[in-house]
There are 2 protein chains.
Amino acid sequence: MKKIYLDHSATSPLDREVFEEMKPYFSLKFGNASSLHSFGREAYEAVERGRERVAKVLNCKPNEVFFTSGGTEADNWALKGVALASKGKKHIITSSIEHHAVLHTCQYLEKNGYEVTYLPVDGYGFVKPEDVEDAVRKDTFIISVMHANNEIGTIEPIEEIGRIAREKGVYFHSDGVQSFCKIPTDVNKLNVDMFSISAHKFYGPKGIGALYIREGTTLEPLLHGGGHERGMRSGTENVPGIVGLGAASEIGSKRMERDAEKMIALRDRLVRETLKIKDSWLNGHPVKRLPNNAHFCFSLIEGESLILYLDEKGIAASTGSACSSKSLEPSHVLLRIGLKHEEAHGSLRITLGRENTREEMDYMLKVLPEQVEKLRELSPFKTKKQLSSFKSTE
Amino acid sequence: MKKIYLDHSATSPLDREVFEEMKPYFSLKFGNASSLHSFGREAYEAVERGRERVAKVLNCKPNEVFFTSGGTEADNWALKGVALASKGKKHIITSSIEHHAVLHTCQYLEKNGYEVTYLPVDGYGFVKPEDVEDAVRKDTFIISVMHANNEIGTIEPIEEIGRIAREKGVYFHSDGVQSFCKIPTDVNKLNVDMFSISAHKFYGPKGIGALYIREGTTLEPLLHGGGHERGMRSGTENVPGIVGLGAASEIGSKRMERDAEKMIALRDRLVRETLKIKDSWLNGHPVKRLPNNAHFCFSLIEGESLILYLDEKGIAASTGSACSSKSLEPSHVLLRIGLKHEEAHGSLRITLGRENTREEMDYMLKVLPEQVEKLRELSPFKTKKQLSSFKSTE
């Protein structure tokens, strides 16, 4: 059975060209980038080249890019690092639909004496900039609002939030894990002071990411040790990973526009056709969303069961965040945009990639209604009355 | 020019066989290990197989192995994680010759209200177990002493220190980054509660490591987020990295004995011959040291210059820790074993690998005395009197 992968926001395959660039750095040019000899210098140059390539996509200086083990570490570092450096200040502003790497870090900080305002969102998942403005206190030291939501794909009004943060003299961090190489991420246009990225979300390798830190931003390291990354992030540099991150950034940014165009066309048709299924609706905004994201709910269905049914037909999709896929709790994002528990359970996230085709969408559109139907047949609540009590796109 | 790599404690090339095992997990079996569909399950199985292979070498249960981004994160996590979980207790015991991943973490904790005892070492670099015992206080929550020193190769009396820790009811962590797959690391024989390892030190990939955590040990996570590693270490699993760590562990442990035998023979001859150079001496213990480590000092020489001279002749070596190779400070390890500043500056660390040959040692033994001689010729302190005022092996 041919397999169709429609879960690119969970992770993406490593680009073959990126892999070719990485290969020499495993067993041949394998030096430690801190070593003085030629093996070390070769590795060091590869690391700095990777830094330049990432910086170019962010439109920042290379020395503002700090490599981490991924998006989670970058998010943790931004929040905890600034918290540790902002003695006397104790207030954080974030949104209620952040990735858990931000939300759980905030909860950890709350347990350690910090105070957090979790901003509400509207039905599309938008944070209101005026809410951010109203929430700022004298002791607010950071605002963290994601660039694009990992479940429903909503693109937040980052530029405006960043402007407010700057006016108020508060640092602004944004989790860009889902947006980098999918939509423009010029850190100067976005008015961010810190920005998290993760290579495996855009055809780079797993285990590597970066935190953009605007020059002049004061934060403490999260990992102490040998003083790598100019003392800010210790640990032997993951040279092949950094080469891969750099290559994936360059390739991803070059392809971004035409990939987005292609994916939007496929996605929009998928959305139109899928919404013909009775008692289904699209979550997030119809237009202000990631080009590769479609997020649906189907009433009277367990999303997990649908994922397994689709998997049997060779289609890989998810209910929402991969991290939470084994949890029985409904998505916090869906609850915050106003869905009821029973509605939130019936979710399906489709996230397209570069290689997906119209034929694959055709297959999906053939299989999906059948599987939804089959699951509803099995549902203990399948009376007409209950179906119609659910939200509908009509 | 053929290159000879003699800096395996800085990093090692990725084993070809290990790389072959990793390859499918980059672009083919690329799933997120948390995803419910078949791509995810395939990745999950690879992660758990990696965990089992590491556990086998440590002689622990697979669920006691937690993957990290490397040794630095593992060391940071052990110390900070237990500190956060040991409310009310504030005392740490460590040695004064630990890797900076431990020392700088301790210094960070000191700045945050904790108290640290840095134990002295003798001329070989040994920590005295009775010093550990004497240092334990009622509020001591962790003892952290490395298994083998990364510069001079000294193997510490971990079993005994572990016994004392257990008697006193204090957690015992050991940085095993240099020892794993070089000497036996059965965590039960070593009496450790936590043990840090890093794949790239034993022919695995960079950017992946693990912390062994004995069942029942209470510590907080360092990275918060999606709840990976049973809630203890969030962040999308680095699947190819974990596959590589597992494979390198299995291969490394199988080869360990015969590799050690071979390296000891090469190393011991290298030491004997090198010590014929006037005013040179071996640092660390002649026998209780890592099988691949030789660490010399040459009076009247700058180690950094020697490294660059050797590099020009195709030989990659180091003065000590790669992390500190760009620092102008003399090694803290050499100062603690009693060398003077000017002595400590003239150091050379040779760390052999599996592939090094007798012919390479011959070349090294031809080149090294010439380069030492050349540097001494250039030295402003080259009078006979000053030479003889330095420590000698005679």
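The values are calculated or read from the model by the stated rules, or taken from the named source; none is laboratory data. Bear in mind the structure is a predicted one, so any value in this text is a computation, not a measurement. Using ideal geometry, Cβ is built from the backbone for each residue, glycine included, and neighbour counts are taken over all protein chains shown. Ligands, DNA and RNA are excluded from the accessible area calculation, which covers all protein heavy atoms including side chains. Shrake-Rupley method; radii C 1.70, N 1.55, O 1.52, S 1.80 Å.
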Please compute the contact order of the stretch B:213-365 in relative form: average sequence separation of alpha-carbon pairs under 8 Å and at least six residues apart, divided by the residue count, as a percent.
21 percent
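Can you tell me the FRET efficiency between A:Lys3 and A:Glu215 if r is taken as the Cβ-Cβ distance and R0 is 60 Å, rounded to the nearest 0.05?
Details: r = 45 Å, r/R0 = 0.75.
Calculated value: 0.85.
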With no solvent and one point on each alpha carbon, what is the Debye value of log10 I(q)/I(0) for the stretch B:110-157 at q = 0.28, 0.30 Å⁻¹?
-1.13, -1.21
Along the positive direction of the dipole of chain A (beta-carbon charges: Lys, Arg +1; Asp, Glu -1; about the Cα centre), which of A:Leu28, A:Leu275, A:Gly231 reaches farthest?
A:Leu275
Comparing each residue of the stretch A:319-359 in the complete protein assembly with the chain by itself (heavy atoms, probe 1.4 Å, ligands and nucleic acids ignored), those losing at least 10 Å² of accessible area are A:Ala322, A:Cys323, A:Ser325, A:Lys326
Quick one: which residues, 5+ away or cross-chain, put their amide H under 5 Å from the amide H of A:Asp7? H built at 1.01 Å from N.
A:Thr351
Comparing the chain by itself with all protein chains present, which residues of the stretch A:229-251 are at least 30 Å² less accessible (probe 1.4 Å)?
A:Thr236, A:Asn238
Most mobile listed residue (A:Leu14, A:Leu36, A:Leu119) in chain A, GNM with C-alpha springs under 10 Å
A:Leu36
Of the residues B:Gly303, B:Met146, B:Gly207, the Cα lying farthest along the dipole of chain B towards its positive end, which is defined by charges on the beta carbon of Lys, Arg, Asp and Glu, belongs to B:Gly303
Residue (of A:Leu348, A:Ala322, A:Gly169) at the positive-pole extreme of chain A, dipole from beta-carbon charges:
A:Leu348
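Given an 8 Å cut-off on Cα distances and at least 6 residues of separation, report the relative contact order of chain A as a percent. Don't skip to the answer; put the middle values down first.
On the way: 786 pairs, mean separation 85.4, N = 394.
Computed over chain A, the figure is 22 percent.
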Inter-copy label distances at B:Glu257, 7 Å along the Cα→beta-carbon direction, one decimal in nm, shortest first?
6.5
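What average count of beta carbons from other chains do you get within 10 Å of the Cβ of residues in A:93-103?
Numbers: counts 0, 0, 0, 0, 0, 0, 2, 5, 7, 2, 2.
Neighbouring Cβ atoms belonging to other protein chains average 2 per residue here.
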When the helix-only estimate is applied to chain A (DSSP H runs of n ≥ 4, each -39,500 (n - 2.57), divided by the residue count), what is the mean residue ellipticity at 222 nm, nearest 500 deg cm²/dmol?
-12500 deg cm²/dmol
In a shell of Cβ-Cβ distance under 9 Å around A:Asp139, excluding A:Asp139 itself, what net charge do Lys and Arg (+1) and Asp and Glu (-1) give?
+3
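With a 1.4 Å probe and all protein chains kept in place, how do A:His37, B:His341 rank by accessible area, largest first? Before the final figure, lay out the partial values.
Working: A:His37 0, B:His341 105 Å².
Result, largest first: B:His341, A:His37.
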Return one whole number: the accessible area per residue of the protein assembly as shown in Å², for a 1.4 Å probe.
37 Å²
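With a sphere of radius 11 Å drawn around the Cβ of A:Ser198, what net charge do the other residues whose Cβ falls strictly inside it have (Lys, Arg +1; Asp, Glu -1)?
On the way: positive: A:Lys201, A:Lys206; negative: A:Glu73, A:Asp75, A:Asp175.
Net charge around A:Ser198: -1.
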Between chains B and A, what is the buried accessible area summed over both chains (1.4 Å probe, protein heavy atoms, nearest 100 Å²)?
5600 Å²
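Which values, in whole Å and largest first, are the semi-axes of the equivalent ellipsoid of the protein assembly as shown obtained as the square root of 5 times each eigenvalue of the Cα gyration tensor?
Each semi-axis is √(5λ); the values are 50, 27, 25 Å.
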Would you please give the residues with an amide H less than 5 Å from that of B:Asn150, counting only those at least 5 places away or on a separate chain, with H modeled from the backbone geometry?
none
The stretch B:47-112: which trypsin sites (Lys or Arg not before Pro) are DSSP loop and have at most 16 other beta-carbon atoms within 10 angstrom?
B:Lys87
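Around B:Gly207, what is the net charge, scoring Lys/Arg as +1 and Asp/Glu as -1 over all other residues with Cβ under 11 Å from its Cβ? Numbers along the way, then the final one.
Values: positive: A:Lys206, B:Lys206; negative: A:Glu237, B:Glu73.
Summing Lys and Arg as +1 and Asp and Glu as -1 gives 0.
Counting only protein heavy atoms and a 1.4 Å probe, tell me what percentage of the protein assembly as shown's accessible area is made up of carbon and sulfur. If you can, show how the numbers build up before the last one.
Values: 15210 of 29140 Å².
Its accessible area is 52 percent carbon and sulfur atoms.
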Where the Cα pairs of the stretch A:220-301 fall when distances are cut into 10 Å bins, in %:
15, 26, 19, 20, 16, 4
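Let me spell out the model: positive unit charges on the Cβ of Lys and Arg, negative unit charges on the Cβ of Asp and Glu, origin at the Cα centre of chain B. What dipole size does that give, in debye rounded to 20?
On the way: 54 positive and 55 negative charges, 42 e Å.
About 200 debye.
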How far, in whole Å, is the closest Cβ of chain A from the axis that maps A onto B, and which residue does it belong to?
A:Ser69, 2
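Across the residues of B:65-73, average count of Cβ atoms on other protein chains within 10 Å? Could the numbers behind the result be given before it?
Working: counts 0, 0, 1, 3, 12, 9, 5, 9, 7.
Rounded to a whole number, the mean comes out at 5.
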What are the nm distances, shortest first, from A:Arg272 to its equivalents in the other copies, labels at 7 Å along Cα→Cβ?
8.4
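Can you give the average number of partner chain beta-carbon atoms within 10 Å of each beta-carbon in peptide A:23-31, as a whole number? Before the final figure, lay out the partial values.
Details: counts 3, 0, 3, 12, 9, 2, 1, 9, 7.
Across the residues of A:23-31, the mean count of other-chain Cβ atoms within 10 Å is 5.
Which of the peptides A:141-152, A:217-228, B:188-199 is most tightly packed, and how do the rest follow, judged by the mean count of other Cβ atoms within 10 Å per residue? Walk me through the numbers before you get to the answer.
Working: A:141-152: 27.2, A:217-228: 21.6, B:188-199: 25.0.
For the peptides A:141-152, A:217-228, B:188-199, the packing ranking is A:141-152, B:188-199, A:217-228.
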Could you go through the stretch A:210-220 in sequence order and give the Karplus-derived ³J(HN,Hα) for each residue, using 6.51 cos²θ - 1.76 cosθ + 1.60 with θ = phi - 60°, rounded to whole Hz, and x for Gly and Pro?
7, 10, 6, 10, 4, 3, x, 6, 9, 8, 8
